[in-house]
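Working notes for the structure below.
The values are calculated or read from the model by the stated rules, or taken from the named source; none is laboratory data. Fair warning: this is a prediction, and the values are worked out from it, not measured in the lab. Note that we place each Cβ from the backbone using ideal geometry, even for glycine, and neighbour counts take in every protein chain shown.
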Amino acid sequence: MIRREEPRTVRVRAPGKINVFLSVGALQDDGYHDVAIAYQAVALYEDVRVSESDDFTISVSGSVELGRVPLDDTNIAIKAARLLAFHTGYAGGVQIEIDKHVPVTGGMGGGSADAAATLLACDALWGTDLPRDEMLDLARQLGADVPFAFTGGTAIGTGRGDELSPALAQGTFQWVLALADFGLSTQTVYGELDRHRERHASEMSPANPAPSVDADVLQALRAGDPRMLAAAMHNDLQAPALHLEPSLANVIETGERNGALAGIISGSGPTVAFLAADLDTALELQVALSAARFNVVRATGPVHGARLIPD
Ligand code: ATP
């Protein structure tokens, strides 16, 4: 009889994301905000390889600046592995190797992708075989963007951003991403938004307690129409991110002058995502922004969520 050996190493690939729409509700008593997000997973991937081990260890390599990635128990990938082990009663550890291509602290959910990939990879490595719903519950406990890294594609996130419903979408969108050589902490950007709303309370209408994604965005995604999406994209965190890092306004302007349909800060920034009408325009924009000495990469979306890949 031929016995199939349990795999001793598992690889999973998970995508980064762009928030094509992000509306932030009023500050709540617990310090959180409800949000309404339209997520699109894009073809910038984190590759996570896990191997059997007695301890929990991590190493990180990749094409992006890695200085801000912690290599201890605070790394969200280790948190994900420990959470799954605790939840399932698995007694061993795991060696995690991350090959990173999503900019760190860039507003593109790289850490969330690592967490989703690690959950899926450890589940396969350890043979714990959790149902999808339970995996999504664990993902939610790790961070608001982790469930989306798991599911990928195009989705609407409400609540903290982690109550997901799939959005109808067709076609492929062409993005050019301008990466910054600094990071912006999500918490700092939300803090700046709260201060801005407080300062201007008398001139602004109060923040919506139950934000929702604009119908125009849903229609543009459904139609696969980049021009319609460019006109409908919006991010409530853009103004506070620009206030904290005024140099980003020049990045947006340069992209829009060089053929982008629109530029938007992704999530809490500082990555600026430019939507192009088609591949040719995206390639021209990539060349123009590179010539202007910006660090740019091109990516298409939507793409699949966290997925096992053959070793
Ligand atoms: P989001 O868009 O989900 O708010 P982000 O893309 O702005 O997140 P990440 O790169 O996911 O930011 O990481 C945010 C912070 O989390 C970093 O400051 C880093 O110190 C910490 N961190 C923990 N684990 C990781 C990881 N595996 N990769 C990157 N950062 C990590």
Quick one: count up the residues across the range 170-188 that are surrounded by fewer than 21 Cβ atoms within 10 Å (Cβ to Cβ) and in a loop (DSSP other than H, G, I, E, B).
-> 7
Quickly run through the range 276-302 and pick out the residues that are in contact with a Ser or Thr (Cβ under 9 Å, 6 or more places away or on another chain) and of a type in the set (A, V, I, L, M, F, W, C).
-> Leu279, Ala282, Ala288, Leu289, Ala292, Phe294, Val296, Val297
Looking across the range 117-142 at residues that are small (Gly, Ala, Ser) and surrounded by 22 or more Cβ atoms within 10 Å (Cβ to Cβ), the single one that is nearest to the ligand (Cβ to nearest atom) is Ala117
Report, by residue number, each residue of the range 178-194 that is in contact with a Lys or Arg (Cβ under 9 Å, 6 or more places away or on another chain) and more than 14 Å from the ligand (Cβ to nearest atom).
-> none
Within the range 52-67, considering residues that are within 13 Å of Ile98 (Cβ to Cβ) and more than 13 Å from the ligand (Cβ to nearest atom), the one surrounded by the fewest Cβ atoms within 10 Å (Cβ to Cβ) | Ser63
Which numbered condition Pro70 misses (of (1) touching a residue at least 24 places away in the same chain (Cβ under 8 Å); (2) within 9 Å of the ligand (Cβ to nearest atom)) = (1)
Wholly within the range 225-311, helices (runs of 4 or more DSSP H) carrying at least 3 residues that are over 20 Å from the mean Cα position of the chain (by Cα) = 226-232, 247-257, 279-291
Here the residues within the range 64-77 that are touching a helix residue (DSSP H, G or I) at 6+ places or on another chain (Cβ under 8 Å) and closer than 19 Å to Ala144 by Cβ are Asn75, Ile76, Ala77
Apart from one, (1) within 10 Å of the ligand (Cβ to nearest atom); (2) within 20 Å of Arg68 (Cβ to Cβ) all hold for Gly161; the odd one out is (2)
When the residues of the range 79-111 are filtered to those that are among the β-branched types (Val, Ile, Thr) and in contact with a helix residue (DSSP H, G or I) (Cβ under 8 Å, 6 or more places away or on another chain), which remaining residue is farthest from the ligand (Cβ to nearest atom)?
-> Thr88
Restricting attention to the range 245-257, does a residue exist that is farther than 23 Å from Ala155 by Cβ, at pLDDT 95 or above and within 16 Å of the ligand (Cβ to nearest atom)?
-> yes
Among the candidates Ala262, Ala223, Ala239, Ala232, which residue alone is under 22 Å from Ile37 (Cα atoms), surrounded by 21 or more Cβ atoms within 10 Å (Cβ to Cβ) and not charged (D, E, K, R)?
-> Ala232
Search result, residues across the range 266-311 that are more than 15 Å from Ile252 (Cβ to Cβ) and of a type in the set (Val, Ile, Thr) = Thr281, Val287, Val297, Thr300, Val303, Ile309
Considering the range 203-220 alone, what residues qualify as being among the aliphatic types (A, V, I, L, M) and exposed (fewer than 15 other Cβ atoms within 10 Å of the Cβ)?
-> Met204, Ala210, Ala215
From (1) at pLDDT 95 or above; (2) small (Gly, Ala, Ser); (3) touching a strand residue (DSSP E or B) at 6+ places or on another chain (Cβ under 8 Å), pick out the condition that doesn't hold for Ala223.
-> (3)
Since Asp114 meets every condition but one in (1) more than 10 Å from the ligand (Cβ to nearest atom); (2) within 11 Å of the chain's Cα centre (by Cα), which condition does it not meet?
-> (1)
